[in-house]
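Here's the structure we're looking at; comments come further down.
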Amino acid sequence: MEKEIIADCLMAFNSAYDALKREMSKIRTGRANPALLDGIRVEYYGTSTPLSQMAAVQIPDARLLVVKPWDKSSLSSIEKAISESDLGITPQNDGEMIRLPIPALTQERRKEYVKLAKNKGEDAKIAIRNARRDANELFKGLQKDGDLSEDDVKKCLEKVQQETDKAIGIVDDVLAKKEKEILEI
């Protein structure tokens, strides 16, 4: 039972890492990254469709994304969806594809992105702490029911705390790398 609770706690930690990595990939760093377009949905035949299902996204240059739709008739709706998104990138439509030049970030904008990254990191830490709290409560409940001795509960709580410390360390590392990436000129 103890191993299952710890395993569930670790799974919650892993889902927090995955969510953090997804969120970090969406934060602009001044370099072209196809993940920037992951959240964009395009109105296509009356249905809101993810851009990745409608077009190929390529990176021919460090500061350029190229979107090539499989259906040329969807070019204007893709351009409109990109324009309306909060990316801050102006699409350039040439009739065959859309070019997205990634502008260099200003120092002020870099600081905003660092702040955003820190908020996403704090959200991941909160998720990790919540998973720790849930595991601790389960162990204490088992102790109350008489299924675990006080010593066993203490060992389990220490194990959960060690894993929590590791998890928060990993989040801090991811955050530090992203901050360095954002501030890099």
Exercise. Of the residues 39, 30, which single one is within 20 Å of the chain's Cα centre (by Cα), surrounded by 12 or more Cβ atoms within 10 Å (Cβ to Cβ), at positive phi and touching a residue at least 40 places away in the same chain (Cβ under 8 Å)?
Worked result: 30
Exercise. Within region 99-133, which residues are at pLDDT 90 or above and outside any helix (DSSP H, G or I)?
Worked result: 99
Exercise. Which members of region 144-162 meet the condition of being crowded, with 18+ Cβ neighbours inside 10 Å and either in a helix (DSSP H, G or I) or not aliphatic (A, V, I, L, M) (or both)?
Worked result: 153, 156, 160
For this session: Check off (1) surrounded by fewer than 14 Cβ atoms within 10 Å (Cβ to Cβ); (2) assigned by TED's automatic domain parsing to the domain that holds residue 137; (3) of a type in the set (Ser, Thr, Tyr) for residue 73 and give me the number that stays unchecked.
Result: (2)
For this session: Take the residues in region 104-128 that are free of Cβ contacts under 8 Å to residues at least 40 places away in the same chain and more than 18 Å from the chain's Cα centre (by Cα), then tell me which one is surrounded by the fewest Cβ atoms within 10 Å (Cβ to Cβ).
Result: 108
Problem set entry | Candidate set: region 1-20, residues that are loosely packed, with under 15 Cβ neighbours inside 10 Å and under 11 Å from the mean Cα position of the chain (by Cα); chosen: the one farthest from residue 103 (Cα to Cα) | 15
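Within 24 Å of residue 177 (Cα to Cα) and either under 22 Å from the mean Cα position of the chain (by Cα) or modelled with pLDDT of 85 or more (or both) - does that describe any residue in region 72-86? So that I can check it myself, show each step before the final result.
Pass one, region 72-86, residues within 24 Å of residue 177 (Cα to Cα): 86.
Filter again for either under 22 Å from the mean Cα position of the chain (by Cα) or modelled with pLDDT of 85 or more (or both), leaving 86.
Scanning region 72-86 turns up at least one residue that is within 24 Å of residue 177 (Cα to Cα) and either under 22 Å from the mean Cα position of the chain (by Cα) or modelled with pLDDT of 85 or more (or both).
The values are calculated or read from the model by the stated rules, or taken from the named source; none is laboratory data. Because the structure is predicted, anything quoted here is derived from the model rather than measured. For neighbour counting, all protein chains shown are included, and Cβ atoms are generated from backbone atoms with ideal geometry for every residue, glycine included.
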